[in-house]
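The structure under discussion appears below in the form of structure tokens.
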Amino acid sequence: MFDEINFTDPSKLHFNNPAPIYTETKLYSIQELRAALQLLIERVRGRVAFLGTPRAHTPAIETFYLTIEHALRNCVATLRANPQTAANKLLQDRTLLEIIRAAPKMRWKVLYSLYKAISSCLQRKISDFRR
């Protein structure tokens, strides 16, 4: 899905300018966004313990990551199940960008925000995304 986002050609439909994609005070390049998404995937798959997560090799960390994994899988499945219309393409791109925005920080509160962002994006009308 990431490779399908138009970051480069403003003349084409659904151009997403990477300039305003940032968290806190950091501006992210397309390569950094890809790396943040990859880090999220690696942490979820590997059930990696770090500051703010439950302890490694415990039922709590398994539950913690399983909840995130289910939310992400459901989000992707829902987005892919939608008919391939221009409006749904925009929704898909913007939802993925919201997930990526939350991914670099990967702290408990941020992960909750990630869950809320996914839920919010799936409930918004497409007109909410237009600038």
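The values are calculated or read from the model by the stated rules, or taken from the named source; none is laboratory data. Values in this document were obtained by computation on a predicted structure and should not be read as measured data. Counting neighbours? That spans all protein chains shown, and the Cβs are built from the backbone with ideal geometry, glycine included.
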Item to check | Any hit, the stretch 60-78, residues being touching a residue at least 60 places away in the same chain (Cβ under 8 Å) and farther than 17 Å from residue 13 by Cβ | outcome: yes
Item to check | Subset of the stretch 29-47 (residues that are of a type in the set (A, V, I, L, M) and either without any contact (Cβ under 8 Å) to a residue 24 or more places away in the chain or surrounded by fewer than 13 Cβ atoms within 10 Å (Cβ to Cβ) (or both)) | outcome: 30, 35, 41
Checklist entry - How many residues does the stretch 77-100 hold that are crowded, with 16+ Cβ neighbours inside 10 Å and of a type outside the set (Asp, Glu)? => result 11
Checklist entry - Listed residues 27, 40, 114; which is of a type outside the set (D, E, K, R), over 22 Å from residue 12 (Cα atoms), modelled with pLDDT under 70 and within 11 Å of the chain's Cα centre (by Cα)? => result 114
